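The values are calculated or read from the model by the stated rules, or taken from the named source; none is laboratory data. Treat the numbers as computed from the prediction; the structure is a model and nothing was measured. Using ideal geometry, Cβ is built from the backbone for each residue, glycine included, and neighbour counts are taken over all protein chains shown.
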Amino acid sequence: MEFKDYYAMLGVEPTADEKTIKTAYRRLARKYHPDMNKEAGAEDKFKEVAEAYEVLGDAKKRAEYDQLRQYGRAGENFEVPPGWQHAGGFGGQHEHFGGSDFSDFFESIFGGQPGAHHRARPPRRGRDIELEMPVFLEETLAEQTKPVEYVLPNYDEHGRRQPDQHKSLNVKIPAGVADGERIRVKGQGGQGSAGGPNGDLYLVVRLVPHPVFDVDGHDLIVTVPLAPWEAALGARVEVPTLSGRINLTIPADSQTGQRLRIKGKGLQSKHASGDLYAVLKVVMPPRNDESARQLWAQLRDAAGFDPRSQWSKQA
Amino acid sequence: MTTTLTVQLTLEECCQLVEVPADSLIEIVEHGIVEPGGGSPDAWRFDDAALGRLRQALRLQRELELDWQAVAVALDLLDEVNRLRAENERLKRRLLRFMEL
């Protein structure tokens, strides 16, 4: 087991006073709190900081830790010296029982003393677990069954950490789920202790960005590239929707950025169905041969169109 | 096969789930941090979104040692940040559709 240098984790000297330790904890906790910081690694960093403060912020625990520090050095292997007894006494007394994220190092010093004291423990409900679940747009159109795999931390009757439990379930995803929606799966969270019920599993829906469609509330947006002559003369073009292709009529004299509504082809929700908007985008041919160039020149001379007539007045 | 459920929790059930005394939960509601359905505490019903928000509020209060007013401000700002991030992401994607051929 690795020795943890709690002073280094909080960035304070071993001689630091209570106030310095508290300030250091508050600053780091704000910085790395998983609700405030979504970057990878922030949560682990926060757990370290919280564990360090759990010890250094408590005069008794800090004194015990200071005693043990003479036996270990950060990053090196560490064994609790024989005969070491946590002054707190009873096993699993600290309030994090049954859901501690603290390290083995912490548990071996301040955690339970299995077998030493058998106390009747009140039944305790397992933890609720929250997971993000990626859902493809296509999957929101009808009810789906999706496999979900996750890992649950596992504790024995003394609150000591056991190998993680790997779970896999099939979960029914109702039609019309929206981004951020929470789906509760009863009893599939953390294991209860002493006969307490299991916690629940909450799946938070995250719609996966689609290569073609963008989401705007219940509506979908698809960008449709058009040749200049299609925009000018009108056309019928094949447009993808979430449920197959359709033919869309492009009116003559269409513009880039213009939106055409395709009713009922958006996302479905429990109450309404959204629409699909085709946003037009006029695209020039990448190159023109000599005959095409001549045709463009004819158009230039005949059209009498100045796209900058408004713009130049305003500058 | 597991079925999904809708959550409608009473004050008492909600307190048990998140392990706070009723007067704390009433204080949280008074700060507008969660808004249960129903008029009076006896009639309150907390849905799963409220439960998630409540847990987040309790984390912030305990782990950052904030008072409820500060928790309420932090949550409002976090909501705003998340909303703006999502909007920024969406607009960037929209813009990219027009830039790329």
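Scanning region A:256-315 for residues being aliphatic (A, V, I, L, M), farther than 17 Å from A:HIS218 by Cβ, in a loop (DSSP other than H, G, I, E, B) and in contact (Cβ under 8 Å) with a residue 40 or more places away in the chain gives a total of 2.
Determine whether A:LEU220 is more than 13 Å from chain B (Cβ to nearest Cβ), buried (at least 17 other Cβ atoms within 10 Å of the Cβ) and not hydroxyl-bearing (Ser, Thr, Tyr). So A:LEU220 fails the test. Annotation note: of A:GLU13, A:GLU48, the sole residue that is closer than 21 Å to B:LEU66 by Cβ, free of Cβ contacts under 8 Å to residues at least 60 places away in the same chain and not β-branched (Val, Ile, Thr) is A:GLU48. Among the residues making up region B:68-90, a single one is touching a residue at least 40 places away in the same chain (Cβ under 8 Å) and β-branched (Val, Ile, Thr): B:VAL71.
Summed over region A:101-141, residues that are small (Gly, Ala, Ser) and at pLDDT 90 or above total 0. Looking across region B:26-67, the residues that are within 14 Å of chain A (Cβ to nearest Cβ), free of Cβ contacts under 8 Å to residues at least 12 places away in the same chain and part of a loop (DSSP other than H, G, I, E, B) come down to B:LEU64, B:GLU65, B:LEU66, B:ASP67. Among the residues of region B:68-84, those that are facing chain A (nearest Cβ under 10 Å) and under 16 Å from B:HIS31 (Cβ atoms) comprise B:ALA74, B:LEU75, B:LEU77, B:LEU78. Residues in region A:10-63 that are part of a helix (DSSP H, G or I) and of a type in the set (S, T, N, Q): A:THR20, A:THR23.
Out of region A:152-188, which residues are farther than 30 Å from A:SER273 by Cα, in contact with a Leu (Cβ under 8 Å, 6 or more places away or on another chain) and either at the interface with chain B (Cβ under 8 Å from one of its Cβ atoms) or modelled with pLDDT under 90 (or both)? Selection gives A:ASP164, A:GLN165, A:GLN188. Considering every residue within region A:201-209, establish whether at least one is over 26 Å from B:ASP79 (Cα atoms) and either within 14 Å of another protein chain (Cβ to nearest Cβ) or not β-branched (Val, Ile, Thr) (or both). No; the residues of region A:201-209 include none that is over 26 Å from B:ASP79 (Cα atoms) and either within 14 Å of another protein chain (Cβ to nearest Cβ) or not β-branched (Val, Ile, Thr) (or both). Out of A:VAL215, A:VAL237, one residue alone is of a type in the set (A, V, I, L, M, F, W, C), in a strand (DSSP E or B) and at pLDDT 95 or above. It is A:VAL237. Does A:ALA52 satisfy the criteria of being in contact with a helix residue (DSSP H, G or I) (Cβ under 6 Å, 6 or more places away or on another chain), surrounded by 19 or more Cβ atoms within 10 Å (Cβ to Cβ) and modelled with pLDDT of 80 or more? It is true that A:ALA52 is in contact with a helix residue (DSSP H, G or I) (Cβ under 6 Å, 6 or more places away or on another chain), surrounded by 19 or more Cβ atoms within 10 Å (Cβ to Cβ) and modelled with pLDDT of 80 or more.
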